Amino acid sequence: MQDLILLGLLKEGPKHGYEIRKTIEQELNNFANIDTTSIYYPLRRLEKKGLVTKKPGRKGKRPAKFVYKITQEGEEVFEKLLNNNFLIFQRPVFNVDLSLYFLPLVKSGIAQNRLRNRLRGMKKIIQWLKEKRTQLAQKKRSYHLLAIIDHQIELTKADIKFTKRLIKNYKPFR
C-alpha cells in the first residue's frame, strides 16, 4: 500500500519528501492509518527499483531539498498496483471486534457504558465526516475525496446501527 500511495502522490507531480509527508498527514490519514515516521526510506527503495528519481531542488533562499519524480516504469507499476487494489476483497478489521470477543470477561455495567461511549464517538465521527463533506463539495476536483467520505459515512452508519442493536439486546454473561 505504501508504494501505491507514494507513486500515486508523485504521479500528481514532482514533490519533495516533506510535501509528501504533509499530504499524507493532512489528507490521507483521514481515511487510512499510514506511518509517516520515515518517508525517505521507502522513497530510496523506490529509487533503487527505478520507479522514482530525485534531483536537488530549491525554492527561494531555502536550503536545497531533493525533489522526487515518478519514472515511466513507476507509472506502470502504479497503474498495476491501483488496478489490483480495486480487486482486493479483504474483510475490514475493526478494533472493536477484539473487544467483542472478550465481552464475556467484561462486567456488564462497564460493557454497556463502553458501548454507549462508542456510540457517542461514532456520532461525532459522522458529524465530522458530514462537515468535511460540505467543505470538500465546494472544491473542484474533489469527487474522489467525496467518494471516500461517503463510503466512510455508510460504514459508520452501519456500525452505529449494529452498536445500538448490541446495546439493546446485550445479555450480560456474569
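Bear in mind that the values in this text are calculations on the coordinates, not laboratory data. Just so it is clear, the structure is predicted and the values come from calculations on it, not from any experiment. All Cβ positions, glycine included, derive from the backbone under ideal geometry; neighbour counts span all protein chains shown.
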Taking Cα atoms only, helix 143-169 is inclined relative to the longest principal axis of the chain by an angle, in degrees rounded to 10, of 20 degrees
Reach of Lys171 by Cα under 26 Å, taken over lysines that are not fewer than 8 positions away in the same chain: Lys107, Lys123, Lys157, Lys161
Crossing angle, helix 72-86 versus the chain [Cα axis fit, 0-90 degrees, rounded to tens]: 10 degrees
For the stretch 78-174, just run the numbers: alpha carbon Rg, then divide by 2.2 N^0.38 Å, N being how many residues it has. 1.40
Picking from Leu7, Leu100, Asn85, whose Cα lies most toward the positive end of the charge dipole for the stretch 1-106 (charges on Cβ: Lys, Arg +1; Asp, Glu -1)? Leu7
Give the aspartates and glutamates whose C-alpha is closer than 19 Å to that of Lys55, dropping any in the same chain fewer than 8 places away, or say none. Glu12, Glu19, Glu47, Glu73, Glu75
Using the count of nearby Cβ atoms within 10 Å as a rough guide to exposure, how do Ser38, Ser142 rank from fewest to most? Ser38, Ser142
Which one, (1) 8.9; (2) 14.7; (3) 13.5, gives mean projected area of the Cα convex hull in nm² as derived from the coordinates shown? (3)
For the chain, the longest principal axis of the Cα atoms and the Cα long axis of helix 108-137 enclose an angle in degrees, to the nearest 10, of 40 degrees
To make sure I understand, if each residue's beta carbon is the centre and we count other beta carbons within 10 Å, what order do His144, His16 fall in, fewest to most? His144, His16
Identify, among Thr163, Thr134, Gly109, the residue whose Cα sits farthest towards the positive end of the charge dipole of the stretch 95-169, taking +1 on the Cβ of Lys and Arg and -1 on the Cβ of Asp and Glu, with the dipole about the Cα centre. Thr134
Could you order peptides 148-157, 119-128 by the average number of other Cβ atoms within 10 Å of their residues, highest first? 148-157, 119-128
Please get the size of the charge dipole for the stretch 1-77, origin at its Cα centre, with Cβ charges of +1 on Lys and Arg and -1 on Asp and Glu, quoted in debye to the nearest 20. 680 debye
